[in-house]
Amino acid sequence: MKQKVALVLGCGGARATAHIGVIRELEKQGYEISSISGTSMGALVGGIYAAGKLDEYESWLRSLSKMDIFNLVDFTLSTNGIIKADKVLREIKKIIPDHKIEELPIKFAAVATDLKLRKEVVITEGSLFEAIRASISIPMVITPLRKNDTLFVDGGVLNPVPTNRVSRQKGDILIAVNVNSLIPPVKKAKVDDHPHLGYFEKLTNGKLNEFQNPFKSFTGERTVLKKDILPIVHKMKNSRFGVETLINLYYQAEGKKVKYVMLSGLKHPTKFDKTSTSQAMKEFIMEGHQIALTTFKNFNLITKTIRKQLYKI
């Protein structure tokens, strides 16, 4: 009998495409995903997988060009957001029909936020695509979903990695995927101090930069000390995959800290800057594979990290 997994997929914009790779690696390792909870893009990938349509979705993603993506962006002049996101969901519906969540073969929960009541909402029934639309509504970027008297925005506002919202059963294991950076927040300068900001960044008073924008290059680098890396150089050489994940696990297990240096003006190109959209999607998915595989191969480091965190409580 296969080991059952309760899978949690966090938010992360375009980077959340890596969730696909994680799912593929879990299947390759012989695990059975018995339940899923997701926030934002995690809800999109998780919901489509729960519907049994991940192959179709991945093929569609890989076929997109930058012009295709631009044509899928339905801009709107609204104080609540600049993109409606209805067009892209309509395109996905052409290859993946809507489902009732309660009828999916895998238990699924999408997490959104009630903007008026400022509380978390867990959606476990009704239209799958309506639940996804509610969960991906990034404030100030994608317009909220209005249903009756409720305004739904991105679930990542209150619960970016919803480990407490996935259905559990006896004997399963919990696996959570967080694709967001660990770079600490820095104080934002005024928009006027950054003449390089584009039209939509200025339109939203710089707010667009605070969210996941696949077309915007990131700035900043992480620096690590040579003496701290030497103990795991051999492991890094032999692992072939997930070097950054391996470094993060080692640092956490040893109680070390990575120094983050924000270098203003340094353009650190994203995958979308360096290659085609289809290749970028392919690389994101491959990184998901690599992260999952590195985790499986470094179970002792993960255990050590967890123990250290428990001792701090």
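The values are calculated or read from the model by the stated rules, or taken from the named source; none is laboratory data. It should be emphasised that the depicted structure is a prediction, and the values quoted were computed from it without experimental measurement. Neighbour counts are summed over all protein chains in view; Cβ atoms, including those assigned to glycine, are modelled from backbone coordinates with ideal geometry. Each accessible area value is taken on the protein alone, full model and side chains, heavy atoms only, with ligands, DNA and RNA left out. Shrake-Rupley method; radii C 1.70, N 1.55, O 1.52, S 1.80 Å.
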Return the residue satisfying two criteria in turn: it lies in the range 71-89 and is in a helix (DSSP H, G or I) and either open to solvent by less than 30 Å² (accessible area, probe 1.4 Å) or modelled with pLDDT under 80 (or both), and of such residues it is nearest to residue 122 (Cα to Cα). 89
If we keep just the residues of the range 93-112 that are in a strand (DSSP E or B) and of a type outside the set (D, E, K, R), which is surrounded by the fewest Cβ atoms within 10 Å (Cβ to Cβ)? 109
Looking at this structure, is residue 175 part of a loop (DSSP other than H, G, I, E, B), of a type outside the set (Asp, Glu) and closer than 20 Å to residue 37 by Cβ? no
Anything in the range 13-30 that is in a loop (DSSP other than H, G, I, E, B) and either touching a residue at least 40 places away in the same chain (Cβ under 8 Å) or buried (at least 24 other Cβ atoms within 10 Å of the Cβ) (or both)? List them, or say none. 29
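Residue by residue, here is whether (1) more than 22 Å from the chain's Cα centre (by Cα); (2) of a type in the set (S, T, N, Q); (3) open to solvent by less than 20 Å² (accessible area, probe 1.4 Å); (4) at positive phi holds:
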| position | (1), (2), (3), (4) |
| --- | --- |
| 91 | no, no, no, no |
| 116 | yes, no, no, no |
| 128 | no, no, yes, no |
| 133 | no, no, yes, no |
| 137 | no, yes, yes, no |
| 147 | yes, no, no, no |
| 157 | no, no, no, no |
| 167 | no, yes, no, no |
For the range 150-202, how many residues meet the condition of being aliphatic (A, V, I, L, M) and modelled with pLDDT under 50? 5
Restricted to the range 32-59 and to residues being farther than 15 Å from residue 104 by Cβ, out of contact with any His (no Cβ under 8 Å at 6 or more places or on another chain) and touching a residue at least 40 places away in the same chain (Cβ under 8 Å), the residue surrounded by the most Cβ atoms within 10 Å (Cβ to Cβ) is 39
Any chance you could count how many residues in the range 13-64 are out of contact with any Cys (no Cβ under 7 Å at 6 or more places or on another chain) and at positive phi? 3
Criterion: touching a residue at least 60 places away in the same chain (Cβ under 8 Å) and over 21 Å from residue 158 (Cα atoms) - qualifying residue of 107, 100, 93: 107
Any residue that is β-branched (Val, Ile, Thr) and closer than 18 Å to residue 110 by Cα - is there at least one of those in the range 78-85? no
